[in-house]
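Encoded as structure tokens, the structure appears first; notes follow it.
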Amino acid sequence: MVSEVKIVSGRAVPLIGDDIDTDRIIPARYLKAVTFDGLGEGVFIDDRKALNGEHPFDQPQYQGATVLVVNRNFGCGSSREHAPQALAKWGIRALIGESFAEIFFGNCVAMGIPCVTADAANVKQLQELITANSQADVTVNLETLQVQSGNFSTPVTIGEGTRSTFIAGTWDACGQLVANTDQIRVTAAKLPYVGWGNLAAS
Amino acid sequence: MSKGTLFDKVWDLHTVGTLPSGLTQLFIGLHLIHEVTSPQAFAMLRERGLKVLFPERTVATVDHIVPTDNQARPFIDSLAEEMIEALEQNCQENGITFYNIGSGSQGIVHVIAPELGLTQPGLTIACGDSHTSSHGAFGAIAFGIGTSQVRDVLASQTLALTKLKVRKIEVNGILNPGVYAKDVILHLIRTLGVKGGVGYAYEFAGTTFLAMNMEERMTVCNMAIEGGARCGYVNPDQITYEYLKGRDFAPKDADWDKAVAWWESLKSNADAEYDDVVVFNAADIPPTVTWGITPGQGIGINQFVPKPEELAEEDRFVAEEAYRYMDLFPGQPIKGTKIDVCFIGSCTNGRISDLREAAKIAQGRHVAEGVKAFVVPGSERVKKAAEAEGLDKIFQAAGFEWREPGCSMCLAMNPDKLQGRQISASSSNRNFKGRQGSSSGRTLLMSPAMVATAAIKGEVSDVRELL
Ligand code: SF4
């Protein structure tokens, strides 16, 4: 379950707006399931209905896009991993934005989807470029920390630890965490509360 | 870089090591799970052939999907039934303690863990739910995680994390009558912004928080996440210890004294260093109501929906979206806004002290005609305690419905939902578009006493008129 994520390239979809929360990305009624299957059709469903075909996720020119370009505090609110799962099922492989809510960011990392940030002016310019030419490829390069599309390029940022997990293909932390089981038991044994009360570790 | 804060101390004590990526591997002292974000995690474990490493450090309950009227099994909603069955089976197969409906201790996960004494100072606590920040009220480092991370905790009892910065938020002084913990946190979010806390843990300090009881502190920490902070905490003190003593999972006898000594040692040092400090005056905080579609869009009860030119430029875009969605216009008073539904409950304000404050307002009065008002206790224990005090009778006599415990209309993954464009006064924590079950439904957040006031008056009103 390890794969390197160094460059994501493809057509992009701009989604303009600040503080877009995970309830909007995938409404709670789609969470009533024991698997992540079938989330793709629910992505932004209420916003899409309200906009009657005019939502970028419905507009024909953006179908098949893999890079999502958003604004400030994207993915705030509920911790539901269903949100990035729904975006991924729609086809998104990378996000560029002014800023991301932390839990959302972590969920994306756990799925191998990088979220990079750029300053507001550059994000806006990129959104305008895509709007003007929806067929242009946008490239997110985690090795050079640049986003490029045609003549446009902008530096982007992502936490160094997270970046290195993408480059090395170790963004799925589970295996590494489990591999340290002996050390985990040592740390646990030193915590005084592990011996108190009937939640005590055996 | 912060130094000497409770956050630093707890972080260091729980650090297993540094991963090759530079991320910290952090031990999780208590893992809470519920039916919505855990089934996929158990499926991932099975796919990888992994086992639950510390089953005794995970505790489960069911809250989001439970109906609050008819709880007979199987649930009428077959999808909800499938979810509860999955949880029952996963807990049974993995030896995980599960507080199911009828156990006497079921309820919203963030209500029951403190009630049971599972939530204690100095713990790291994770749960696949963003309002896990609530548990920070005890001086725990508690934060929400996604489903892949639920898998990681099940498999290893650890998470790969980047350390947060620490911002001290000091509020000093005495709150005015009619101003509650909910107003304090709504005021802080309104001032610091919904993304102001990204990258930070919030330490709530100052005489105002020290004077709060545990349930009030939980209300504040609960909504730290709405200000962008993944966790918020209050240093433990005598009030914390008194709340905990004697609870089911609290340390007993000789362990208790050792525990108190350890907890005391974890408090932020007097000379601790913070990445940021902000100071507020309690007297400046009014009863606060949200008017928009983010918890940061709040105003004092006697203020007006802000005009775009009164807002920072970066907040205008969302404001425009909010005027349209809420059907409120700039410059309009929020007081007097007609209300269709009144909801008292949730992990923010569904505890016994919340119900008491609301009942004080409801006592001897009646819900306005045409308003649907209902009270949903946060847990089976809250319900029992409220009934022992006769609060159910007070609410029912006033025309409120009295329900079974659950998340209810906080997020409407159960039969409790707004219909169409209905507008609700709600004691919960999120006023996002569509949050309460209707894609055009509208939510005004406020304290439980203010919700009760809105129910009685049929419109957004100043709780101080009914005190
Ligand atoms: S009451 Fe609301 S916020 Fe709290 S856990 Fe339930 S759904 Fe989430």
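The values are calculated or read from the model by the stated rules, or taken from the named source; none is laboratory data. Treat the numbers as computed from the prediction; the structure is a model and nothing was measured. Note that we place each Cβ from the backbone using ideal geometry, even for glycine, and neighbour counts take in every protein chain shown. These accessible areas exclude ligands, DNA and RNA; they are computed on the full protein's heavy atoms, side chains included. Shrake-Rupley method; radii C 1.70, N 1.55, O 1.52, S 1.80 Å.
Between B:THR348, B:THR288, which is within 16 Å of the ligand (Cβ to nearest atom) and open to solvent by less than 10 Å² (accessible area, probe 1.4 Å)?
Working: B:THR288 fails: within 16 Å of the ligand (Cβ to nearest atom).
Matching residue, one of B:THR348, B:THR288: B:THR348.
Could you tell me which residue of region A:41-77 is nearest to the other protein chains (Cβ to nearest Cβ), considering only residues that are under 25 Å from B:LEU79 (Cβ atoms) and open to solvent by 20 Å² or more (accessible area, probe 1.4 Å)?
A:ASP46
More than 16 Å from the ligand (Cβ to nearest atom), at pLDDT 95 or above and not in a loop (DSSP other than H, G, I, E, B): which single residue out of B:GLU314, B:GLU320 fits that description?
B:GLU320
Scan region B:366-423 residue by residue and report those that are under 21 Å from A:PRO27 (Cβ atoms) and polar (S, T, N, Q). Before the answer, list the steps.
Step one: filter region B:366-423 for residues under 21 Å from A:PRO27 (Cβ atoms), giving B:376, B:406-423.
Hits for region B:366-423 are B:SER408, B:ASN414, B:GLN419, B:GLN422.
Under 7 Å by Cβ, and 6 or more places apart or on different chains, what pairs join a residue from region B:20-38 that is hydroxyl-bearing (Ser, Thr, Tyr) and part of a strand (DSSP E or B) with one that is open to solvent by less than 10 Å² (accessible area, probe 1.4 Å) and within 16 Å of the ligand (Cβ to nearest atom)?
none
With B:LEU50, B:LEU32, B:LEU26, B:LEU45 as the choices, which residue is open to solvent by 10 Å² or more (accessible area, probe 1.4 Å) and either hydrophobic (A, V, I, L, M, F, W, C) or within 16 Å of the ligand (Cβ to nearest atom) (or both)?
Only one candidate qualifies: B:LEU50.
For region B:393-407, enumerate the residues that are touching a strand residue (DSSP E or B) at 6+ places or on another chain (Cβ under 7 Å) and over 24 Å from B:SER105 (Cβ atoms).
B:GLN396, B:GLY399, B:PHE400
Report the residue count in region B:92-136 for those that are touching a Pro at 6+ places or on another chain (Cβ under 9 Å), away from chain A (no Cβ under 11 Å) and more than 14 Å from the ligand (Cβ to nearest atom).
Count: 3.
Return yes or no: is B:THR443 within 12 Å of chain A (Cβ to nearest Cβ) and not in a loop (DSSP other than H, G, I, E, B)?
yes
Quick test of your reading of the structure: B:ASP271 fulfils all but one of (1) over 24 Å from A:VAL70 (Cα atoms); (2) open to solvent by less than 80 Å² (accessible area, probe 1.4 Å); (3) outside any helix (DSSP H, G or I). Name the failing condition by number.
(2)
Among B:LYS393, B:LYS372, B:LYS338, which is the only one that is over 25 Å from B:ASN70 (Cβ atoms), open to solvent by 50 Å² or more (accessible area, probe 1.4 Å) and away from the ligand (no atom under 16 Å from the Cβ)?
It is B:LYS338.
State all residues of region B:137-169 that are part of a strand (DSSP E or B), more than 7 Å from chain A (Cβ to nearest Cβ) and touching a Phe, Trp or Tyr at 6+ places or on another chain (Cβ under 8 Å); if no residue qualifies, say none.
B:ILE141, B:ALA142, B:LYS165, B:VAL166, B:ARG167, B:LYS168, B:ILE169
Residues B:VAL460, B:VAL451, B:VAL367: which one is closer than 25 Å to B:GLY227 by Cα and surrounded by fewer than 24 Cβ atoms within 10 Å (Cβ to Cβ)? Can you show your working first?
Details: B:VAL451 fails: surrounded by fewer than 24 Cβ atoms within 10 Å (Cβ to Cβ); B:VAL367 fails: closer than 25 Å to B:GLY227 by Cα.
The match here is B:VAL460.
Here's the yes/no breakdown for (1) of a type in the set (Gly, Ala, Ser); (2) in contact (Cβ under 8 Å) with a residue 12 or more places away in the chain:
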{"site": "B:ALA312", "(1), (2)": "yes, no"}
{"site": "B:GLU320", "(1), (2)": "no, yes"}
{"site": "B:ARG324", "(1), (2)": "no, no"}
{"site": "B:ILE334", "(1), (2)": "no, yes"}
{"site": "B:SER353", "(1), (2)": "yes, yes"}
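Using the structure shown, decide if B:GLU404 is touching a residue at least 12 places away in the same chain (Cβ under 8 Å) and away from the ligand (no atom under 16 Å from the Cβ). Can you show your working first?
Details: touching a residue at least 12 places away in the same chain (Cβ under 8 Å): yes; away from the ligand (no atom under 16 Å from the Cβ): no.
Taking the combined requirement at face value, the residue does not satisfy it.
Out of all the residues in region B:221-243, which are part of a helix (DSSP H, G or I) and surrounded by 24 or more Cβ atoms within 10 Å (Cβ to Cβ)?
Initial filter on region B:221-243 (part of a helix (DSSP H, G or I)): B:221-227, B:238-243.
B:CYS221, B:ASN222, B:MET223, B:ALA224, B:ILE225, B:GLU226, B:GLY227, listed by residue number.
Which of (1) more than 14 Å from chain A (Cβ to nearest Cβ); (2) more than 14 Å from the ligand (Cβ to nearest atom); (3) open to solvent by less than 20 Å² (accessible area, probe 1.4 Å); (4) part of a loop (DSSP other than H, G, I, E, B) is the odd one out, the single condition B:LEU418 does not satisfy?
(1)
From the list B:MET409, B:MET413, which residue is within 15 Å of the ligand (Cβ to nearest atom), open to solvent by less than 40 Å² (accessible area, probe 1.4 Å) and farther than 21 Å from B:TYR180 by Cβ?
B:MET413
Scan region B:437-466 and report the pairs whose first residue is under 16 Å from B:HIS187 (Cα atoms) and whose second residue is of a type in the set (Phe, Trp, Tyr), with Cβ atoms within less than 8 Å and a gap of 6+ or a chain change.
B:LEU444/B:TRP291; B:SER447/B:TYR180; B:PRO448/B:TYR180
Of the numbered conditions (1) at pLDDT 95 or above; (2) among the β-branched types (Val, Ile, Thr); (3) crowded, with 24+ Cβ neighbours inside 10 Å, B:THR191 satisfies every one except a single condition; which is it?
B:THR191 satisfies all of (1) at pLDDT 95 or above; (2) among the β-branched types (Val, Ile, Thr); (3) crowded, with 24+ Cβ neighbours inside 10 Å except (3).
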